[in-house]
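Here's the structure, in structure tokens; my notes come after.
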Amino acid sequence: MMFQALPSPPIHEITVGPLSLRFYALVIILGIIIATFWADRRYRKKGGPQNVVVDVAVWMVLWGIVGARIYHVITTPDPYFGPGGEPIRAFYVWQGGIGIWGAVAGGALAGYITMRRRGLRFSPLGDAVVPGLLLAQAIGRFGNWFNQELFGRPTDLPWGLRIDAVHLPAGYSPGTTFHPTFLYESLWCLAAVLVILTLEKKFHLCGGQLVYVYIALYTLGRVWIENLRIDTAHIFWGLRLNVWVSILVFCAAVIGLVCRTRYLRQHPQAKGIYLRQAAENQKQTMADELLEDDEVSDAESDVETEIDGKEIAGNSALSTGNAGDDRDETKH
């Protein structure tokens, strides 16, 4: 039988006792967990201290969610503050509606502040995070599939997405299939992971360069994926708001990558894990530890020398005593 359409999930949540667990939230949580552990492994491999990523990730996730929701509400205010809107629904994050740019901005700001307070540079952490972040985004996009939302315009392609009648936009008849933009973006993110890992290995990118590569690759994909979507959005000069945002951020990322590369060539110390003062403190701590070890070794050597001296003195006294006894015996 020939494949004709991609079906939508028959359910979008499961009930456990009094709790309703939405698949939208579960896939996002799964992506966060995988991204955190992968980032931790990469960061420690770069020389970062242990237990930093998990601690920082808590703040990045929390403020990322806040930023994502704020961005969504600002760019799509009608369901909350428009005619017939319900402002309280702006807090219903579990019902969907988050903006990736708000998530990136909120998470990055929280990560930057937290790392600075620990005396650590944010750029190595950013480089460690981006492959896992893309993977998390690839997984999280399936939340849109479970919610049957944010799909593209109608299509007759074999992988067109079938939407239940209750979720169909006005003006479309049952049986209409749409571009599965969630799948397009998921595949794009997976491809971007491979590109980033390849560039990192081949050109030894570091010091924040991967962050700019991530932003450029992701926005490049969002430009054409956003143009396929038919959900409500603000239009400026014939393009959706998020398309303009993606274009501007892409240009900024390319410029940022060029500037960052030049900066790292002139200031190679900026590739380090620790900030200058923190690095000096760490060196001083290591020097103090070595000094303590030397002092302990010197003390142990002095003790051993003293013990050896006493043993020699004792042996000399014993030898002298034995010699005197031998002379006495000879006289007798």
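The values are calculated or read from the model by the stated rules, or taken from the named source; none is laboratory data. For clarity, every value in this text was computed on a predicted model and none was experimentally measured. Every residue, glycine among them, receives a Cβ derived from its backbone with ideal geometry; neighbour counts consider all protein chains shown. Surface areas here come from the heavy atoms of the whole protein model, side chains and all, with no ligands, DNA or RNA. Shrake-Rupley method; radii C 1.70, N 1.55, O 1.52, S 1.80 Å.
A few notes on this one:
- Looking only at residues of the range 74-98 that are within 24 Å of S246 (Cα to Cα) and touching a residue at least 40 places away in the same chain (Cβ under 8 Å), we find that the one that is farthest from the chain's Cα centre (by Cα) is D78.
- Candidates A279, A317, filtered to the one that is of a type in the set (A, V, I, L, M), touching a Gly at 6+ places or on another chain (Cβ under 9 Å), surrounded by 10 or more Cβ atoms within 10 Å (Cβ to Cβ) and modelled with pLDDT under 55: A279
- Of the residues screened, F91 is one that is aromatic (F, W, Y), modelled with pLDDT under 90 and surrounded by fewer than 13 Cβ atoms within 10 Å (Cβ to Cβ).
- With respect to the conditions (1) modelled with pLDDT of 95 or more; (2) open to solvent by less than 60 Å² (accessible area, probe 1.4 Å), G64 lacks only one, and its number is (1).
- If only residues of the range 162-177 that are open to solvent by 50 Å² or more (accessible area, probe 1.4 Å) and touching a residue at least 40 places away in the same chain (Cβ under 8 Å) are counted, the one that is nearest to H72 (Cα to Cα) is H167.
- Those helices (runs of 4 or more DSSP H) of the range 178-268 in which 2 or more residues are more than 23 Å from the chain's Cα centre (by Cα) and without any contact (Cβ under 8 Å) to a residue 12 or more places away in the chain occupy 241-266.
- Selection count, the range 12-28, where residues are surrounded by fewer than 13 Cβ atoms within 10 Å (Cβ to Cβ) and out of contact with any strand residue (DSSP E or B) (no Cβ under 9 Å at 6 or more places or on another chain): 4
- In the range 130-161, the residue that is surrounded by the fewest Cβ atoms within 10 Å (Cβ to Cβ) out of those that are closer than 23 Å to E200 by Cβ and among the aliphatic types (A, V, I, L, M) is L135.
Yes or no, residue by residue, for (1) modelled with pLDDT of 95 or more; (2) open to solvent by less than 50 Å² (accessible area, probe 1.4 Å):
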{"residue": "L217", "(1), (2)": "yes, yes"}
{"residue": "G221", "(1), (2)": "yes, yes"}
{"residue": "F236", "(1), (2)": "no, no"}
{"residue": "V245", "(1), (2)": "no, yes"}
{"residue": "L248", "(1), (2)": "yes, no"}
{"residue": "A252", "(1), (2)": "yes, no"}
{"residue": "G256", "(1), (2)": "yes, yes"}
